[in-house]
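> After the structure tokens below, expect a handful of questions from me.
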Amino acid sequence: MTASAEKFTRQTLLHVQPLTPSLFTLRTTRDVGFRFVAGQFVRLGVTKADGSVVWRAYSLVSSPHDEFLEFFSIVVPGGEFTSELSRLREGDELLVERQATGYLTLNRFVDGRDLWMLSTGTGVAPFLSILQDFEVWEKFERIILVYSAREGRELAYRELIDGLADRDYLAEYAGKLQFIATVTREEVPGALHGRITQLIESGALEEAAGVNLTPEHSRVMICGNPQMIDDTRQMLKQRDMQLSLTRRPGAVAVENYW
Ligand SMILES: Cc1cc2nc3c(=O)[nH]c(=O)nc-3n(C[C@H](O)[C@H](O)[C@H](O)COP(=O)(O)OP(=O)(O)OC[C@H]3O[C@@H](n4cnc5c(N)ncnc54)[C@H](O)[C@@H]3O)c2cc1C
Ligand SMILES: NC(=O)c1ccc[n+]([C@@H]2O[C@H](COP(=O)([O-])OP(=O)(O)OC[C@H]3O[C@@H](n4cnc5c(N)ncnc54)[C@H](OP(=O)(O)O)[C@@H]3O)[C@@H](O)[C@H]2O)c1
């Protein structure tokens with residue numbers, strides 16, 4: 001992927017936080033002209049030793065009203081982009097395309113009572129941005145964030161999620177959010193055990209949420225592992241829940257990460 005010089009800005013890394021050997025978060029400065037809608041992604045560029053630039057799409061974790069940009073990244077062993085990105089430190093430069101994009105945004109849904117946000121791994125990122133913005137709390141009666149990881153230590157942003165209720169501007173809505181973590185490769189207290197797809201099939205997810213997935217009331221955003229997204233979409237289709245398109249509003253919106 002290439003981008004001409006005028007299509008991106010140069011931002012400075014303010015903070016890099018390793019979480020596990022394969023996960024880290026990074027915070028950068030934000031260009032005053034950079035605009036995005038919560039749930040969107042932007043292409044980031046890193047300059048390699050030979051001077052060439054590698055670009056990859058990244059969801060924004062930070063909210064549209066934050067003065068900084070935040071991202072949550074995997075380290076893919078031998079990955080062209082993440083091998084470079086994970087070497088960067090505070091003060092280093094990161095290229096950020098001027099134009100954010102993506103349709104995992106609340107305007108995909110014209111109605112609905114309950115918003116389900118289903119994520120695997122770093123796919124939780126856009127939901128963190130949406131949850132830090134005001135709109136979702138006004139638009140839906142219930143918000144169910146489901147976050148699946150292989151191991152308990154890979155469940156990131158627990159403090160941010162738990163702290164949402166303490167934010168002044170969200171205090172009156174705090175009771176609307178239900179957070180359901182599920183860990184697949186070990187048993188973790190306080191988390192479900194099993195893939196999102198298995199938990200939907202068995203009914204365990206709806207039981208944990210205390211509400212059913214229905215075409216009338218549920219709107220479902222899904223992000224992360226493409227196979228999980230395909231499998232979940234098939235299950236929702238059987239329940240008469242279809243992808244939401246501009247010409248045909250529906251109940252499902254997705255973002256594949258690879
Ligand atoms: C719209 C969009 C938004 C994205 N947002 C994010 C984000 O917020 N955070 C993030 O870490 N990545 C995100 N990605 C993935 C990201 O663009 C890169 O694929 C990732 O940085 C790896 O780049 P790479 O060159 O090291 O490996 P690549 O050559 O790009 O990928 C190699 C393989 O690694 C695996 N892989 C890639 N990304 C992930 C991932 N996130 N989690 C688990 N396995 C993965 C897949 O098996 C993939 O085939 C997003 C992708 C898209 C399309
Ligand atoms: N996470 C690690 O420990 C680790 C370490 C080194 C490298 N990596 C690399 O990182 C990538 C994987 O990262 P990741 O663990 O964040 O992503 P991931 O493999 O997509 O797993 C994240 C969560 O999604 C679940 N999942 C995967 N496929 C699914 C499907 N079809 N349906 C429903 N749920 C599904 C996983 O369950 P399951 O556990 O059942 O698959 C896990 O709970 C790989 O490229 C890997 O080589 C990971």
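Bear in mind that the values in this text are calculations on the coordinates, not laboratory data. All values reported here derive from a predicted model rather than from experimental measurement. Counting neighbours? That spans all protein chains shown, and the Cβs are built from the backbone with ideal geometry, glycine included.
> Would you tally the net charge around Asp166, using a Cβ to Cβ cut-off of less than 13 Å, leaving Asp166 out, and scoring K and R as +1, D and E as -1? The partial results should precede the final answer.
Values: positive: Arg167; negative: Glu159, Asp162, Asp168, Glu172.
So the environment of Asp166 carries a net charge of -3.
> Find, among the GluC sites (Glu not before Pro) in the stretch 164-258, those assigned to loop by DSSP (not H, G, I, E, B) with at most 16 other beta-carbon atoms within 10 angstrom.
On the way: sites: Glu172, Glu186, Glu187, Glu201, Glu206, Glu207, Glu216, Glu255; in loops: Glu186, Glu187, Glu216.
Here the GluC sites (Glu not before Pro) that fit, given the DSSP loop and packing criteria, are Glu186, Glu187, Glu216.
> Roughly how large, in nm² to one decimal, is the mean projection of the convex hull of the alpha-carbon atoms in the stretch 106-256?
Averaging across all directions leaves 8.3 nm² for the Cα convex hull.
> Taking other Cβ within 10 Å of each residue's Cβ, how do Ser52, Ser119 sort, fewest first?
Ser52, Ser119
> With a cut-off of 8 Å between alpha carbons and a minimum separation of six or more residues, what is the relative contact order of the chain in percent?
Working: 516 pairs, mean separation 46.0, N = 258.
Once divided by the residue count of the chain, the mean separation gives 18 percent.
> What percent of all Cα-Cα pairs in the chain falls into each 10 Å bin, going from 0 up to the bin containing the maximum distance?
It works out to 7, 31, 36, 21, 6, 0, in whole percents.
> Give the Cα extents of the stretch 5-97 along the principal axes, in whole Å, largest first.
33, 31, 23
> Tell me the mean residue ellipticity at 222 nm calculated for the chain from its helices only (DSSP H runs of n ≥ 4, each -39500 (n - 2.57), averaged over every residue, nearest 500).
It lands at -5000 deg cm²/dmol.
> Just check the stretch 164-240 against the gyration tensor rule for me: Cα atoms, a ≥ b ≥ c as the square roots of the eigenvalues, rounded for a/c under 1.5, and otherwise prolate or oblate depending on whether a/b exceeds b/c.
oblate
> Sorting Leu164, Leu14 on the 10 Å Cβ count, fewest up front, what's the list?
Placing the least packed residue first, the sequence is Leu14, Leu164.
> So for each of 69-80, 126-137 I average, over its residues, the number of other beta carbons within 10 Å; can you give me the resulting order with the highest mean first? All intermediate terms of the calculation are to be shown ahead of the outcome.
Working: 69-80: 17.2, 126-137: 21.7.
Packing order, densest peptide first, comes out as 126-137, 69-80.
> Specify, per residue and in Å³, the volume enclosed by the convex hull of the alpha carbon atoms belonging to the stretch 207-256. Show your work: numbers first, answer last.
Working: hull volume 4.2 nm³, N = 50.
In the stretch 207-256, the Cα hull volume divided by residue count equals 83 Å³.
> Can I ask one more? How big is the dipole moment of the stretch 1-93 about its Cα centre under a simple scheme where the beta carbon of each Lys and Arg is +1, that of each Asp and Glu is -1, and everything else is neutral? Debye, nearest 20, please.
Around 140 debye, computed over the stretch 1-93.
> Just rank Asp231, Asp50, fewest to most, by other beta-carbon atoms within 10 angstrom.
Exposure proxy ranking, most exposed first: Asp50, Asp231.
> Moving to a separate point now. Out of every Cα pair in the stretch 86-178, what percent are spaced more than 22 Å from each other? Display every interim value, and only then the final one.
On the way: 1710 of 4278 pairs.
Of all Cα-Cα pairs in the stretch 86-178, 40 percent lie more than 22 Å apart.
> With each label point set 7 Å from Cα along the Cα-Cβ vector, what nm distance links Glu201 and Glu141?
3.1
> Leaving out same-chain residues fewer than 8 places away, which lysines sit with a Cα under 20 Å from that of Lys48?
Within reach: Lys7.
> I've got another one for you. What is the distance, in nm, between label points placed 7 Å from the Cα along the Cα-to-Cβ direction at Thr246 and at Asn212?
With each label point 7 Å from Cα toward Cβ, the separation is 3.5 nm.
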